[in-house]
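The values are calculated or read from the model by the stated rules, or taken from the named source; none is laboratory data. Keep in mind it's a predicted model, so treat the numbers as computed, not measured. Counting neighbours? That spans all protein chains shown, and the Cβs are built from the backbone with ideal geometry, glycine included. Just so you know, the surface numbers come from the protein's heavy atoms only, side chains and all, with ligands and any DNA or RNA stripped out. Shrake-Rupley method; radii C 1.70, N 1.55, O 1.52, S 1.80 Å.
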Amino acid sequence: MAKKPSRTYVCTNCGAVHAKWAGQCDACGEWNTLEEMAVEPLAASSAAVRGGKGRRVALQALEGEIKLPPRTQTGIAELDRVLGGGLVPASVVLVGGDPGIGKSTLLLQAASKLAGKGERVLYISGEEAVDQIRLRAQRLGVAGAKLDLAASINVADIVATLEAEPDVRAVVIDSIQTMWLETIDSAPGTVSQVRACAFELIRAAKRRGFSLILVGHVTKEGALAGPRVLEHMVDAVMYFEGDRGHQFRILRAAKNRYGATDEIGVFAMTDRGLEEVSNPSALFLAERRGNIAGSAVFAGLEGTRPVLLEVQALLAPKGGDGAPRRAVVGWDTGRLSMLLAVLETRCGLKLSGMDVYLNVAGGLKVAEPAADLAVAAALVSAASGVPTNPGEVYFGEVGLSGEVRQVAQADARLKEAAKLGFDRAVLPRRIARGNTRSRPPEGLHLREIGHISDLVSAEMEAE
Ligand code: TYD
Ligand code: MG
């Protein structure tokens, strides 16, 4: 009986596989992201298994000597940190991010740095002509680097070139969505092309031992296959994020077979490319004015790194009829509503007739519940008109009964505050058991509070 060619549909946003086409992906809820993908009939693969062609694999004990992979540092410390100490030979890293966020800039800088250390590095662009890359290199001040460039989208040509250049240590492919294999019957950027091209390039990397860096654009519309469909094929996935209206960029590891995933790298986009930011707190607090009501400094964590941020709140009498406005930038709207309710119910603060605006200055998005206390402090300060102490930082989660709860890594937060010259911290009261906090840094005065009303009464007293 002739078998019908089987078909599956892959979501270009999240990579979920569906047996039937649908307008919306069940897995991620995006619309019009399902795309057909041809699948190899299963018969071919099971014939290889049943034909007895397999060889026995060597089994080994769990205990044994561990050989850590050697690493090549790119020379950009913030990138090396996220990679887990540098590039691993024969490993594949996917760098995803919105178009225009700075992926090409970062990788051209990294590739030139690496080439400057005497490594053979190839930068292959499917998006820009060689002259454009040269122009960019001039602007970045790296035009003198001994980097090999090519403009090509043909994966067969690229692989053939790599086979002929045995001493290549690292290859950048910018971007995987522009790559194309003649044998696949669909346009560049479709799931089938992206997958097949990545597969060929990854095979070449594993065989020849070079580090491969793939650039991938993330687009919400799903017009191009999102890098999500590649995530399981590569060793590490990094996302380059940031608000295009702001200067800073964050490189975040989402998966890393050779390192931790909670590391971040912080950069600032300048007119001479990306600059490393080794002290992000100073960057985020640079424009803070201490004497304005409605502002509080949050001692937060990004991955394993403590980062101080300014939280700003503004209250205005409700305009017009209808519900008051709750506008939030950089934080969660639901969380703000909860906090406003807690402040009203547990502390008697009258906020329901007010429009509330909340902003995390600098453009960073805060996801931690530990920011509750800083947001509450900013709101209380805005309501009372009394600025918070400019030398004070806040952190702690607030529960529905108004209790202030413990958060992770208090020590690291306090240390960062002290490092940046803060001398006071408002934080959750220690619980007797499970107290692991060590001595606070020299010169830092701690105010431990158990309930959010302690915050309100202290602010009002200062009046
Ligand atoms: P790019 O690296 O091309 O982004 P991607 O590869 O992620 O699409 O960066 C594009 C943006 O960066 C562009 O809007 C201009 C800006 N930029 C600078 O601000 N300074 C620079 O030195 C460079 C090269 C780019
Ligand atoms: Mg680019």
Determine which member of the set A143, A151, A156 is at pLDDT below 95 and small (G, A, S).
-> A143
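Yes/no matrix, rows are residues, columns are (1) modelled with pLDDT of 85 or more; (2) surrounded by 10 or more Cβ atoms within 10 Å (Cβ to Cβ); (3) more than 12 Å from V191 (Cα to Cα); (4) touching a helix residue (DSSP H, G or I) at 6+ places or on another chain (Cβ under 8 Å):
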residue: A2; (1), (2), (3), (4): no, no, yes, no
residue: P5; (1), (2), (3), (4): no, no, yes, no
residue: K20; (1), (2), (3), (4): yes, no, yes, no
residue: E30; (1), (2), (3), (4): no, yes, yes, no
residue: L34; (1), (2), (3), (4): yes, yes, no, no
residue: E40; (1), (2), (3), (4): no, no, yes, no
residue: R56; (1), (2), (3), (4): yes, no, yes, no
residue: A61; (1), (2), (3), (4): yes, no, yes, no
How many residues of segment 81-104 are more than 13 Å from the chain's Cα centre (by Cα), farther than 15 Å from V266 by Cα and more than 9 Å from ligand 1 (Cβ to nearest atom)? The answer is 9
If you go through segment 160-173 one residue at a time, do you hit one that is within 16 Å of ligand 1 (Cβ to nearest atom), under 18 Å from E128 (Cβ atoms), among the hydrophobic types (A, V, I, L, M, F, W, C) and in contact (Cβ under 8 Å) with a residue 40 or more places away in the chain?
-> yes
Please find, within segment 284-304, the residue that is nearest to ligand 2 (Cβ to nearest atom) out of those that are buried (at least 18 other Cβ atoms within 10 Å of the Cβ) and of a type outside the set (A, V, I, L, M, F, W, C).
-> E302
Sort out which residues of segment 322-354 are exposed (fewer than 13 other Cβ atoms within 10 Å of the Cβ) and of a type outside the set (A, V, I, L, M), and write them in order of number.
-> G322, T333, G334, T345, G348, K350, S352, G353
Test result for K146, in a helix (DSSP H, G or I), more than 10 Å from ligand 1 (Cβ to nearest atom) and over 20 Å from W180 (Cα atoms) | no
If you take the residues of segment 268-283 that are touching a residue at least 40 places away in the same chain (Cβ under 8 Å) and assigned to a strand (DSSP E or B), which of them is surrounded by the most Cβ atoms within 10 Å (Cβ to Cβ)?
-> L274
Among G126, G118, which is the only one that is on the phi > 0 side of the Ramachandran plot and either over 28 Å from the mean Cα position of the chain (by Cα) or buried (at least 16 other Cβ atoms within 10 Å of the Cβ) (or both)?
-> G118
Could you tell me whether any residue of segment 253-267 is open to solvent by 60 Å² or more (accessible area, probe 1.4 Å), under 27 Å from A137 (Cα atoms) and in contact with a helix residue (DSSP H, G or I) (Cβ under 6 Å, 6 or more places away or on another chain)?
-> no
Select from segment 77-101 the residues that are small (G, A, S) and either part of a helix (DSSP H, G or I) or open to solvent by 10 Å² or more (accessible area, probe 1.4 Å) (or both) and list them in ascending order.
-> A77, G84, G85, A90, G100
Does A115 fit the bill of being of a type outside the set (K, R), more than 18 Å from F267 (Cβ to Cβ), touching a Leu at 6+ places or on another chain (Cβ under 7 Å) and part of a helix (DSSP H, G or I)?
-> yes
Within segment 142-151, restricting attention to residues that are out of contact with any helix residue (DSSP H, G or I) (no Cβ under 6 Å at 6 or more places or on another chain) and under 18 Å from E128 (Cβ atoms), which residue is least open to solvent (accessible area, probe 1.4 Å)?
-> A150
Residue in segment 309-325 that is at pLDDT below 95 and within 17 Å of the chain's Cα centre (by Cα) present = no
Residue hits (segment 220-238; more than 13 Å from ligand 2 (Cβ to nearest atom), open to solvent by 20 Å² or more (accessible area, probe 1.4 Å) and modelled with pLDDT under 90) are K220, E221, A223, R228, E231, H232
The condition from (1) within 16 Å of ligand 1 (Cβ to nearest atom); (2) of a type in the set (A, V, I, L, M, F, W, C); (3) surrounded by fewer than 22 Cβ atoms within 10 Å (Cβ to Cβ) that V215 misses is numbered (3)
